[in-house]
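Novice: Structure provided below as structure tokens; questions to follow.
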Amino acid sequence: MKKLFILPFLILSAFCCHAQSTPKTVVSDGIKPVGIIKNLSDKALLDVVQRQTFRYFWDFGHPLSGLARERSNKSYNYGPEVVTIGGSGFGIMGIVVATQRKWITREQADDRMLKIVRFLYKADSFHGVFPHWLNGETGKVIPFGPKDDGADLVETSYMFEGLLCARQYYNADNAKEREIRGKINGMWNNIEWNWFTRHGQDVLYWHWSSNNGWAMNFPIHGFNECLITYILAESGTRYPVAPSVYHKGWAQGSFFKNGKTFYGHKLPLGFDYGGPLFFSQYSFMGLDPKGLKDEYADYWEQNQNHTLINRAYCVDNPKKFKGYGENCWGLTASDNYDGYNAQSPTNDLGVITPTAALSAFPYTPKYSMQALRHFYYDLGDKIWGQYGFTDAFSESHDWYAKSYLAIDEGPIVVMIENYRSGLLWNLFMSCPEVKAGLKKLNFKSPKIN
């Protein structure tokens, strides 16, 4: 999770540190990595990239919990036992993709999903909300920061974005899939969304801890990566929040409305130039932006223009960084040569992050394919590996990451699939709770009308 604009001190304490060593890969079920294959068609190249990236979650998933490790390398003071809740939610969506594309069998998927939901069912949670990190062996919370040792509402939203898709997909009338659905429903029903209004305020708070209470003190205001949190809070079964929480909390942030034009593209919401590209990706892994509108924005226009602005900035390349251009673009949060940061047009460090352009496939398929072919064929010897593309690179600094991060690998698999088939969008938008939550807020969408 990229707590970058809201929680800058946590980035310094938990992420801005160099890799030290690599935990042992746990290989299972025989999804073998491949090197660079010449002369692939666009379709074949997408197949290779999705499948190899999925290995991060399948072959490198934690052997006991089945959840996604935070990253492929050890950093700061944590090791291979750390699993990430948000990245695991994206990985669950990847398992759905892998099942549909027959990279794994339905039985293999059922067994992995059962391992995951049984582990989560007993793991630490706080008013139904998981922490940012869990110990993949014990299910106990691992603090993300000095006072961040309890519930993380945003990470949990990403987890349930994935779990709800899985519930809709694994719909067979057999013991395994009934248990998968039952445990997901049990956890979903127990999320106390209204607790996170902090005694009834018209806003959601990101954190709560049994040790530190509300000490983190971060109300979630828009526009950023947290739209999905508000949508799910409105959709809650037992403990939903009122529409006023969305309108008076989320929609009243200092950086909510924009309306200015950058590089010829109007940006309805958010920071100038749009901020890092994960803003237009994480909430929309399941939430389908096609035709999605409320009183504040058309979310397809928002996300597509955000992407086009980000690319246009890289083509313009005002800081003259090496490598930037029509085929090499994409600024978002990732590892970099000096630690970790949220790269964007207003925070340009000369670092390109492959997930930024590749997870934008639904919005800019032509430009994303250009970037993919450049990353794969021109830079592949430096950034292509056993789990797909490594996290980031900077040609100006002659730096090429060796690391993979769950939160960056997952969107590549999922958003390419949404571009190709709309699979995750269709599943998530089929949830009756989500339909009801969107209708509560007067959203319009072809999938809820």
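Novice: Taking a virtual spin label 7 Å from the Cα of residue 317 along the C-beta vector, which residues in region 375-416 bring their backbone nitrogen under 11 Å of it?
Specialist: Flagged as within label range: 395-396.
Novice: Counting heavy atoms of the protein chains only and a 1.4 Å probe, report the per residue accessible area for the chain as a whole number of Å². Don't skip to the end; give the middle numbers.
Specialist: Numbers: 15570 Å² over 449 residues.
Value for the chain: 35 Å² per residue.
Novice: How big is the gap, in Å, between the Cα center of region 347-367 and the Cα center of region 44-91?
Specialist: Comparing the Cα centres of region 347-367 and region 44-91, I get a distance of 20 Å.
Novice: Mind checking the alpha-carbon convex hull of region 311-449 and giving the volume per residue in Å³? Present the calculation step by step, with values, prior to reporting the outcome.
Specialist: Details: hull volume 18.9 nm³, N = 139.
Spread over its residues, the Cα hull of region 311-449 gives 136 Å³ apiece.
Novice: May I ask you to list the chymotrypsin sites (Phe, Trp or Tyr not before Pro) in region 158-252 that are in a DSSP loop and have at most 12 other Cβ atoms within 10 Å of their Cβ? Present the calculation step by step, with values, prior to reporting the outcome.
Specialist: Working: sites: 158, 160, 169, 170, 188, 193, 195, 196, 205, 206, 208, 214, 223, 230, 246, 250; in loops: 170, 206, 214, 223.
Counting only loop positions with at most 12 other Cβ atoms within 10 Å, none of the chymotrypsin sites (Phe, Trp or Tyr not before Pro) in region 158-252 qualifies.
Novice: Along Cα→Cβ, 7 Å out, is where each label goes; now give me the distance between the ones at residue 210 and residue 37 in nm to one decimal.
Specialist: 4.9
Novice: Taking one equal scatterer on every alpha-carbon of region 127-255, how large is log10 of I(q)/I(0) by Debye at q = 0.18, 0.21, 0.23 1/Å?
Specialist: Values, matching the q order: -0.99, -1.24, -1.38.
Novice: Quote to one decimal, in nm, the extra length available between residue 301 and residue 118 on full extension: 0.36 nm per residue of separation minus the C-alpha distance between them. Can you show the working numbers first?
Specialist: On the way: separation 183, 0.36 × 183 = 65.88 nm, distance 3.95 nm.
Contour length minus Cα-Cα distance gives 61.9 nm.
Novice: Let me ask something else about it. Can you find, among 432, 347, 275, the residue sitting farthest towards the positive end of the charge dipole of the chain, where Lys and Arg contribute +1 and Asp and Glu -1 at Cβ?
Specialist: Towards the positive end, the residue furthest out is 432.
Novice: Taking only C-alpha pairs under 8 Å that are 6+ residues apart, what is the relative contact order of the chain in percent?
Specialist: On the way: 918 pairs, mean separation 79.6, N = 449.
Computed over the chain, the figure is 18 percent.
Novice: How high is the relative contact order of region 318-420, in percent, counting Cα pairs under 8 Å that sit 6 or more residues apart? Show your work: numbers first, answer last.
Specialist: Numbers: 161 pairs, mean separation 32.1, N = 103.
Over region 318-420, the number comes to 31 percent.
Novice: On a C-alpha basis, how far is the centre of region 391-445 from the centre of region 297-312 in Å? Whole number, if you could?
Specialist: 15
Novice: So how far, in whole Å, is the C-alpha centre of region 169-227 from the one of region 132-162?
Specialist: A separation of 11 Å, based on Cα centres.
Novice: May I ask you to compute the full-extension gain from residue 426 to residue 442, defined as 0.36 nm times their residue separation minus their alpha-carbon distance, rounded to one decimal in nm? Please list the in-between numbers first.
Specialist: Details: separation 16, 0.36 × 16 = 5.76 nm, distance 1.97 nm.
Gain in length upon complete extension: 3.8 nm.
Novice: Taking every pair of alpha-carbon atoms in the chain, give the share separated by more than 39 Å as a whole percent. Walk me through the numbers on the way to the answer.
Specialist: On the way: 11854 of 100576 pairs.
In whole percent, the long-distance tail amounts to 12.
Novice: Do any trypsin sites (Lys or Arg not before Pro) in region 343-449 lie in a DSSP loop with no more than 16 other beta carbon atoms within 10 Å, and if so, which?
Specialist: Working: sites: 366, 373, 382, 402, 420, 435, 439, 440, 444, 447; in loops: 402, 447.
In loop regions of region 343-449 (DSSP not H, G, I, E or B), the sparsely surrounded trypsin sites (Lys or Arg not before Pro) are 402.
Novice: Carbon and sulfur atoms: what percent of the 1.4 Å accessible area of region 331-449 do they account for? Could the numbers behind the result be given before it?
Specialist: Values: 1680 of 3500 Å².
Whole-percent figure for carbon plus sulfur exposure: 48.
Novice: As a check on your grasp of the helix formula, calculate [θ] at 222 nm for the chain: sum -39500 (n - 2.57) over DSSP H runs of n ≥ 4, divide by the residue count, round to the nearest 500. If you can, show how the numbers build up before the last one.
Specialist: On the way: 15 runs with 171 residues, N = 449.
Mean residue ellipticity at 222 nm (helix-derived): -11500 deg cm²/dmol.
Novice: Please sort by residue number the GluC sites (Glu not before Pro) in region 77-166 whose DSSP state is loop and whose Cβ has at most 15 other Cβ atoms within 10 Å. It would help to have the intermediate numbers written out before the result.
Specialist: Working: sites: 81, 107, 137, 155, 161; in loops: 81, 137.
Passing both the DSSP loop test and the Cβ count: 137.
Novice: Something else: Karplus couplings for region 425-436 from phi (6.51 cos²θ - 1.76 cosθ + 1.60, θ = phi - 60°), rounded to Hz, Gly and Pro as x?
Specialist: So the Karplus estimates, Gly and Pro as x, are 4, 5, 5, 5, 6, 7, 5, x, 5, 5, 4, 5 Hz.
The values are calculated or read from the model by the stated rules, or taken from the named source; none is laboratory data. Quantities reported herein were computed from a predicted structural model and do not represent experimental measurements. Glycine gets a Cβ as well: all are built from the backbone with ideal geometry, and neighbour counts include every protein chain shown. Please note that ligands, DNA and RNA were not included when accessible areas were found on the heavy atoms of the full protein model with its side chains. Shrake-Rupley method; radii C 1.70, N 1.55, O 1.52, S 1.80 Å.
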